[in-house]
Each structure stands twice: as structure tokens, then as C-alpha cells.
Amino acid sequence: MRILFVAAEVAPLVKTGGLADVAGALPAALQAAGHDVCVIMPFYQRLRAQGVAVLGPVAATFLPAGERMEECRVWRATDHPVPLYLLDIPAAFARPGIYGDGDDDRRFILFARGVLAAMQHRREVHGWIPDVVHANDWHAALVPHYCKTTLAYTFGRIGTVCTIHNLAYQGRFNPFTLALAGLTEGGLLENQWGPRVAGAFNFLARGLAASDVITTVSPTYAREIRTAEYGEGLEGLLLARQHRLVGILNGLDTRLFDPATDPHLAAPYDADAPAGKAACKAALQRELGWAEAPDRPLLGVVSRLVSQKGLDLLLDALPWLLRDTAAQLVVLGSGEHGLESAFHHAAAAHPGRLALRTGFDAALAQRIYAGTDLFLMPSRFEPCGLGQLIALRYGSVPVVRATGGLQDTVREGYEGNGFVFHPVDAGEFVGAIARALEAYRTPEGWAMLRARGMREDHGWARAAEGYGAVYRRAAAFAAG
Ligand code: ADP
């Protein structure tokens, strides 16, 4: 099928979160499965600074935003594995940042309009029309909305798919955005989706309402977001459209995340030859300023320090961990000041047991996955989660809360691959860590548990199959 994949971030070019990993890997997996895929994203200023090789401009036009018309040029990146188009809209992207400048509504209205202009150009010049447009997150969500409303005459028969990577980010703006978007609905569409959305211009809600199929990044999260607890105000809309809602687990880039070839590690290893993992653990302990202690359980966290990740539960569990166990803990992360300083103080008070590293450090992250015995993810919600997938592959046994993608990938018990707790409760988390530490005391059983996780296949091929089925469904809905 012909697929146009729309995203605001694409790894390795621009990445602020998991969306970029998906937009970097999934189109390539779809292409490998035989689909005709191209990707379109903003031409951020920083891409120019990075010296991204481009061809073009291959098209140029003007785009409306409110009363103004803005320039738009389309470039083609020349060294990306999948055809990649870059939208050069100076009014929106000629600035250092990616998001958060206060005019993001205008910027991503222009982006959506630019995508549609590029589609129109390719149709006229090359006769190429996608069977399906796949919009990711709120930044791209107006693309399906325009396809099914103002541009329905031209693009109404194209299948539309909207993927939610994290429902906490919806692109909510005030009703003035309506005019900026060139839309003139009498009653705001948002009003029908309940009081928590009313009055706002909600990019994501519009994309979800206009898409033939809605997807999110795990089956459990697809169920959770239909409830008030996880729905972030959009549960009414998602419940009403639940027959169109599908959860597909993200894959992992198994070439990038491979302990057998990872250049950041002290020694290579894999499930069949795990000896190198002990060397990685020793190296990590030395790097953190500790003596080598092969038998002492080493726990790791690599995470944004935000309330979503449930690390306040870990703070609550620390007194127990320090008093009743011999475990060491390394935390790599940055984010909310309160969480960062709480971990900072705890590490300063227990320098031999607890280490905190702040900032974003991909190489250290790999060394932590490789060097630790247990990996902790007590998330409040987790659309899919990449951390536990990397941890599984690197033989750091995950201890997770059963939510979203964590519930779909980590199983406790006979034939399990980790440890799981349910309620958001520090005592429950302590219980799960205690069970893990108990299992750790039996080396043979531990080695089997660890190897089971390392052997699991979380590559992108399976996800690409799932999306292929979704695209066929979306195209069928649009056609009939
Ligand atoms: P989210 O996308 O919500 O942050 P995920 O678990 O899906 O959570 O993905 C997070 C990714 O970012 C993982 O690959 C994790 O290793 C990485 N990561 C998070 N914080 C850091 C950090 N401070 N340094 C390096 N990598 C990090």
C-alpha cells in the first residue's frame, strides 16, 4: 500500500521522546514488508545546523494561517532509509526550539496545511496519492481532520489513521485557534466530548474524530484510555469510537539495542554467552565509584523524572531498600526539580548505595541496562514503554507496575520474565522488588529468568504486520 507517514519528530534526526523512535523505525519496517512508504516532518532549524543532506526545493507554495499567508518549501532528505520530505515553513520552524514557544497552534496548523499542500503537489506532478495517511500525535492530527472536512472533495477517500503515543499531550488551545485553522464550525466540535475538553480547540480530539482507525502503542493502553482514570478527558470520544481503536506494541531497534555489539559496553554478551554481563556490572560499579561486588544486587532506573513514571514510589521505598537489603541503586534521569532534588539528597546521604546521574546520556543509559540486575519502572501510566524492552534484551530483569505496555510485555511467575505489581502503592512496589531479590538469590533460576527475557523477540517486523492490517482496514472504511 501507499502510505504517507506524518510525524513531528523522526529519529535519528530529531528526538524528544518515543514518537521519534517509532517514526524512525516503523516506516523502514513497513518498507521492508513491501509497502510504498514516505515520511514527512518539519524542517527544523536544527536540522540545517546538523547539516542534513537535502535535495530541492522540490515544491513551493503559500499556506494560510488566519489572515496571513506563509511561505512553504518542500525538501527531500537524501540519506534517510525511507523517502523523507522536510517542510520548510520559516514562520513555524526557523527557530531553535522544537515545541513550547507559545504559538504551537499556529506552527502545527501550518505543518498540517503544508502536508496537504505536499500531497496535492505529488498528486498533480507524480500522480502519487497515498492509500492511507498515518498521522502521529497532536502535531499531525489536523491532517486527517482536513482530509475529511475542508478537503473531503479531494482527499476524502484516503484512509486516515491517527496514532496516540501519549494521551497526556493533546495540543489543547483556546477557541481562537479555530479561526487560525480556517475552520468555522458553529458549535465547537470539542463540546460534544465532555466538560474537560469543552471550550478548547483540541488538535488530537479532532484527529481522533476524523480518523478511520485510531491506534495506540499497546493493547492494554488502548483499553485503559477509554476510562476516566487514563482518558485525560478524551475517554468519551475514545469509548464512542472504541470499535475503531487498536493497540499495537512498539518494537525495539534490535540492531541499535544489542548487548552483543553495543560499543558502549565493557564486554559483549547475549543470551547464549552471558558471561560478559558480569564484566559490565563490575565496570558500572567502578564507574559509579563503588567497589566491584558481583553478588550484590544492582538496581537501575533510566527515565524522565516526571510524575508519570511513578518514581515517587521508589523514593518511598528507599528506606526499606537501604535498611532491609544490600542492594545498590543507580538512577539516570532528569526532569521535575522536586524529584531530582529528592534523589540527589538521598544519594548524598548514602553514597555507597545510591548514585544519581542527571542529564541525558545515551551511552551511560546503555551501560546501566547492561550493568544492572534489575530495572525498575513503577509507572503510573505507560503507553508502551521502551525502557523495559531494552532492559529485557540486556538481561536487566524488569520490575514494573502492571499498566499499558508494561502489562503487555512483563510477566511474573513460572515462565515469566520479570516482576509485576498492580496498585499505585509503595508497599506493593516493595513487595515486587522483594520477590525479585528473593529470586536473585538462586543463581540458576535467575539465569533462566534472565535468559528468557533476553531471547524474546521485540523487533519491529511484528508491529509492521499489525500496522499493515490497520492500513487495510482504514482504506476499506474510507472507500465504503
Ligand atoms: P518515555 O518515552 O515516556 O520517556 P520510554 O520508556 O518509552 O519512556 O522511553 C524512554 C527512553 O529514553 C528509553 O530508551 C530510555 O533509556 C531513554 N532515557 C530516558 N531518560 C534518559 C536519560 N536521562 N539519559 C539517557 N536515556 C534516557
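Treating the Cα atoms of the range 275-457 as identical point scatterers in vacuum, please give the log10 of the normalised Debye intensity I(q)/I(0) at q = 0.08, 0.12, 0.13 Å⁻¹, two decimals. Values, matching the q order: -0.21, -0.48, -0.58. Using C-alpha pairs under 8 Å with a sequence gap of at least 6, the mean separation divided by the residue count of the range 275-457 gives a relative contact order of 21 percent. With the whole protein complex present, Ile89 retains an accessible surface near 0 Å², based on a 1.4 Å probe.
Please compute the contact order of the chain in relative form: average sequence separation of alpha-carbon pairs under 8 Å and at least six residues apart, divided by the residue count, as a percent.
13
Working note: Karplus 6.51/-1.76/1.60 with θ = phi - 60° gives the range 241-255 the couplings 10, 4, 5, 9, 9, 10, x, 10, 5, 5, x, 10, 6, 6, 7 Hz, where Gly and Pro are set to x. Remark on Leu354: its backbone amide H falls under 5 Å from those of Leu329, a criterion applied only to residues 5 or more positions apart or on other chains, H modelled at 1.01 Å from N. Computed about the Cα centre, the dipole magnitude for the range 275-457 is approximately 380 debye when only Lys and Arg (+1) and Asp and Glu (-1) carry charge, each at its Cβ. Taking a Cβ cut-off of under 13 Å around Ile248, the surrounding Lys, Arg, Asp and Glu residues balance to a net charge of 0, with basic ones at +1 and acidic ones at -1.
Charges at C-beta only: +1 for Lys and Arg, -1 for Asp and Glu. How large is the resulting dipole of the range 1-103 about its Cα centre, in Debye rounded to 20? Could you put the intermediate results ahead of the total?
Numbers: 8 positive and 10 negative charges, 40 e Å.
So the dipole magnitude of the range 1-103 works out to roughly 200 debye.
Excluding same-chain residues fewer than 8 positions from Lys281, which lysines have a Cα within less than 29 Å of its Cα? Answer for Lys281, where 29 Å is the Cα cut-off: Lys15, Lys309, listed by chain and number. If R0 is taken as 22 Å, the Cβ-Cβ distance between Asp101 and Arg48 corresponds to a FRET efficiency of 0.80.
For the chain, what does the alpha-carbon gyration tensor say about shape, rounded, prolate or oblate, given a ≥ b ≥ c as the root eigenvalues, a/c under 1.5 as rounded, and a/b over b/c as prolate? Don't jump to the answer; show the numbers that get you there.
On the way: a/c = 1.96, a/b = 1.78, b/c = 1.10.
Taking the square roots of the gyration eigenvalues as a ≥ b ≥ c, the chain is prolate.
Between Ala7 and Ile40, the built amide H atoms are under 5 Å apart, and every one of these is 5 or more places off in sequence or on another chain.
For the range 50-89 and the range 354-418, what is the centre-to-centre distance using only Cα atoms, to the nearest Å? The two parts, judged by their Cα centres, are 38 Å apart. Scanning residues 5 or more positions from Glu70 or on other chains, those with amide H under 5 Å from its amide H are Leu63, Ala65, with H placed 1.01 Å from N in the peptide plane.
Using θ = phi - 60° in the Karplus curve 6.51 cos²θ - 1.76 cosθ + 1.60, the 3J(HN,Hα) couplings for the range 397-412 round to 5, x, 10, 9, 7, 6, 8, x, x, 5, 5, 7, 10, 10, 10, 9 Hz; x is entered for Gly and Pro.
Against the criterion of solvent-accessible heavy-atom surface with a 1.4 angstrom probe, His458, His134 sort, most first, into His458, His134. Overall form of the range 74-160: oblate. Here a/c, set by the Cα gyration tensor axes a ≥ b ≥ c, is 1.5 or more, and a/b is not larger than b/c. An oblate overall shape is assigned to the range 115-237, the ratio a/c of its alpha-carbon gyration tensor axes (a ≥ b ≥ c) being 1.5 or greater and a/b not exceeding b/c. When the surface is traced with a 1.4 Å probe over the full set of protein chains, Met69 keeps roughly 110 Å² accessible.
Between beta-carbons, use under 12 Å as the cut-off and find the net charge around His35, counting Lys and Arg +1, Asp and Glu -1. Net local charge, His35 excluded: -1.
In deg cm²/dmol, rounded to 500, what helix-only [θ] at 222 nm does the chain give when every DSSP H run of at least 4 residues adds -39500 (n - 2.57) and the total is split over its residues?
-12000 deg cm²/dmol
The values are calculated or read from the model by the stated rules, or taken from the named source; none is laboratory data. Keep in mind that what you see is a predicted model, and the values were worked out from it rather than measured. Using ideal geometry, Cβ is built from the backbone for each residue, glycine included, and neighbour counts are taken over all protein chains shown. Protein only, heavy atoms only, side chains kept; ligands, DNA and RNA dropped before computing areas. Shrake-Rupley method; radii C 1.70, N 1.55, O 1.52, S 1.80 Å.
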